[in-house]
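Please read the structure below before turning to the comments.
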Amino acid sequence: MTMTNKFFTSLIVALLLCLGGMSVKAQMSPTASKDIYDWTPYEDVKMLNLFYDVLKQGRNYPTQEEIRNAFGFDMEFSRSHVRPKAVMYNQAKQVNPAINPKRKIWMNIPGGIGKGNGGYPSALFNNDVYSMWQYTHLFGSWNHGFFQAPGSWADAAHKHGTDIFSGIKFFESWTPGSGDATYAALISEKEGDKYKYAEPLINILMYMGLDGINYNWEDNSYSNADVIAFHKELYRIAKEKGFNNFHIGIYTQISGLTDTNKESLYYGHDPSDKTMDLMLNYSAGNFAWSSTATSLAAAKSVNPDNLSVYQGVWIVTMDRSWTSMNTDARKEMNLCLWGEHGQSRFMSYNNGTDAFNIQENYQKLLERGFSGGNRNPAKLPTLANTNNNWELSGTKEPLSSFGGLAYFVAERPTVQGKLPFYTNFQLGNGERYNYKGKKTFGNWYNMGAQDYQPTYRWLVYEANTKTVSTAIQPGYTHRDAYTGGSTLELKGNATTTGTDIVLYRTDLEISAANPKVTVAVKSYKEGTNPT
């Protein structure tokens, strides 16, 4: 999808390709609640036992009444109802066709702000609206326990072909009360020759619409025979039920995969096995790049066609060995970015003068992290291991010289199928909710309302060329919106030849002789401000 601008000094495009109607109530219901519900009561063992009990009765899922009796609330509001979209892989159409389309990024970071309840819909506008799904294969949900990740986040992830973990379990051998013995004993329980909680666990994930379980396993029981067999049984049951995007993520103290440890860390050795998604530990926070070649060889010996091993890095700083991970010998290794427990480093390092500015800066920080410091994947700064500042340094904007994760992975578009396709450029939050340009109610946050994000953030060319242009600068703003709480803002100068802004790569079925494209535009005259 390409937009050409020849006339406007500053544009706000509020609705692009509105090829179908959209129904939104013009005012908030008098019964609508602004309370933030506490979703933490449904802890994992209680969930497993509930789903085990109903399975014994011949059912996969409990009733709403059974859930309310067990947990005291309606779990429907924390489920995802969006099935994962298929990613369109076409190496020839990538911004950089030289990138291996099979290379993946796992963002092993929190979703939302705060543990447990972070990321759930609320009336808090100034919140985490992660939006770079188009480069993200896996999302870690690091701030939630098993089965607790918000369904609204899963909705946003699934629209973009991203699989999202339901949450994480922590085991640390050196921390009192954080060992793995109790959990290992639980999942090792059998009834006859079957693991008691294997099918209930898969049923929970399928009911919640979440894609797997994630481990920070810094204890030793992951190599126990029963623990391994239990997780292999999860893969078998998921495959049997058609749950093909089920994942088990694991991070341990080990920074390299070898022929010695691959059977306990990676799996995939039997015909019915699927490999673990393995985050290799970092070395002093940095990529343990010296072991990458050995790890790749071990992973390829299991399955050379689908690698699910990831070299890990702690993004407390972005001054890491990026160039080492971009050599020919390591270009097949996937990357896993970790940081941190309660909110992601993209959130914690971000700041601004007010809520509007904070949100604008957050999106720009994400864009520089993925699309490079120029916020254009066609014009990446030179990849470097230093001078990648997270925060404002004098007049140097955060990550403005960072090469970008687009050096390593290609964009992953998902917009395909039948018309209509529409977007209001919603991020999933707002200081207000507008409908057709008019305010209907105030502060809101719901990642489930996030629209399909542009494939490219931002691909700007001189008109009808592949020459990068800086005449127009696209970006998100919450200061105005047509429908929702945010919109696409275009700032810059008109040129005599025009500017192309390429937003989406799509594969849409257009059967009508005269397909209709509707764009809502608000233009401000120079020297005036929006109200």
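The values are calculated or read from the model by the stated rules, or taken from the named source; none is laboratory data. The shown structure was predicted, so the numbers you read here are calculated from the model rather than taken from an experiment. Glycine gets a Cβ as well: all are built from the backbone with ideal geometry, and neighbour counts include every protein chain shown.
Looking at region 302-323, which of the residues that are modelled with pLDDT of 95 or more and polar (S, T, N, Q) is surrounded by the fewest Cβ atoms within 10 Å (Cβ to Cβ)?
T323
Within region 395-435, track down each residue that is in the same structural domain as L508 (by TED's automatic domain parsing) and over 23 Å from K159 (Cβ atoms).
Listed by number, the residues that qualify are E431, R432.
Just to be sure before I move on: is K274 surrounded by 19 or more Cβ atoms within 10 Å (Cβ to Cβ), under 23 Å from P304 (Cβ atoms) and modelled with pLDDT under 95 in the structure I sent?
When the stated conditions are applied, K274 passes them.
Determine which member of the set Y452, Y456, Y504, Y482 is touching a Gly at 6+ places or on another chain (Cβ under 6 Å), assigned to a loop (DSSP other than H, G, I, E, B) and surrounded by 15 or more Cβ atoms within 10 Å (Cβ to Cβ).
Criteria check complete, one pass: Y482.
Of Q311, Q343, which residue is out of contact with any helix residue (DSSP H, G or I) (no Cβ under 9 Å at 6 or more places or on another chain), under 30 Å from V129 (Cβ atoms) and not β-branched (V, I, T)?
That would be Q343, the only listed residue that is out of contact with any helix residue (DSSP H, G or I) (no Cβ under 9 Å at 6 or more places or on another chain), under 30 Å from V129 (Cβ atoms) and not β-branched (V, I, T).
In region 53-74, is there at least one residue being at pLDDT 95 or above, of a type in the set (A, V, I, L, M, F, W, C) and in the same structural domain as H160 (by TED's automatic domain parsing)?
Within region 53-74, one or more residues are at pLDDT 95 or above, of a type in the set (A, V, I, L, M, F, W, C) and in the same structural domain as H160 (by TED's automatic domain parsing).
Quick one: which of V129, V82, V95, V87 is surrounded by fewer than 24 Cβ atoms within 10 Å (Cβ to Cβ), touching a Gly at 6+ places or on another chain (Cβ under 6 Å) and of a type outside the set (G, A, S)?
Of V129, V82, V95, V87, the one residue that is surrounded by fewer than 24 Cβ atoms within 10 Å (Cβ to Cβ), touching a Gly at 6+ places or on another chain (Cβ under 6 Å) and of a type outside the set (G, A, S) is V87.
Restrict the check to region 134-155 and report whether at least one residue is at positive phi, outside any strand (DSSP E or B), surrounded by fewer than 21 Cβ atoms within 10 Å (Cβ to Cβ) and not aromatic (F, W, Y). Steps first, answer last, please.
At the first step, the residues of region 134-155 found to be at positive phi are 141, 147.
Still in the running and outside any strand (DSSP E or B): 141, 147.
Right, trim to surrounded by fewer than 21 Cβ atoms within 10 Å (Cβ to Cβ) and you get none.
Within region 134-155, none of the residues are at positive phi, outside any strand (DSSP E or B), surrounded by fewer than 21 Cβ atoms within 10 Å (Cβ to Cβ) and not aromatic (F, W, Y).
Can you tell me which residues in region 277-301 are among the hydroxyl-bearing types (S, T, Y) and either surrounded by 21 or more Cβ atoms within 10 Å (Cβ to Cβ) or without any contact (Cβ under 8 Å) to a residue 24 or more places away in the chain (or both)? Show your work before the answer.
Keep residues of region 277-301 that are among the hydroxyl-bearing types (S, T, Y), which gives 282-283, 290-292, 294-295, 301.
If the condition is that a residue be among the hydroxyl-bearing types (S, T, Y) and either surrounded by 21 or more Cβ atoms within 10 Å (Cβ to Cβ) or without any contact (Cβ under 8 Å) to a residue 24 or more places away in the chain (or both), then S290, T292, S295 are the ones that fit.
Can you tell me which residue in region 340-392 is farthest from R320 (Cα to Cα), limited to those that are among the hydroxyl-bearing types (S, T, Y) and over 18 Å from the mean Cα position of the chain (by Cα)?
T353
Considering region 395-430 alone, what residues qualify as being β-branched (V, I, T) and in a loop (DSSP other than H, G, I, E, B)? Step through it out loud before you land on a result.
To start, the set of residues in region 395-430 that are β-branched (V, I, T) comprises 395, 409, 414-415, 423.
If the condition is that a residue be β-branched (V, I, T) and in a loop (DSSP other than H, G, I, E, B), then T395, V409, T414, V415 are the ones that fit.
Assuming R375 fulfils every condition listed in (1) on the phi > 0 side of the Ramachandran plot; (2) assigned to a helix (DSSP H, G or I) apart from one, which condition is it?
Condition not satisfied by R375: (2).
Before we move on, is L210 in the same structural domain as N60 (by TED's automatic domain parsing), under 23 Å from G151 (Cβ atoms) and touching a Ser or Thr at 6+ places or on another chain (Cβ under 6 Å)?
yes
Which one of these is in contact with a Lys or Arg (Cβ under 8 Å, 6 or more places away or on another chain), in a loop (DSSP other than H, G, I, E, B) and among the hydrophobic types (A, V, I, L, M, F, W, C): A494, A512?
Unique residue meeting the criteria: A494.
Quick grid of which residues meet (1) buried (at least 17 other Cβ atoms within 10 Å of the Cβ); (2) of a type in the set (D, E); (3) in contact with a helix residue (DSSP H, G or I) (Cβ under 6 Å, 6 or more places away or on another chain):
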| residue | (1), (2), (3) |
| --- | --- |
| L399 | yes, no, yes |
| V409 | yes, no, yes |
| G417 | no, no, no |
| Y422 | yes, no, no |
| N434 | yes, no, no |
| G437 | no, no, no |
| M447 | yes, no, yes |
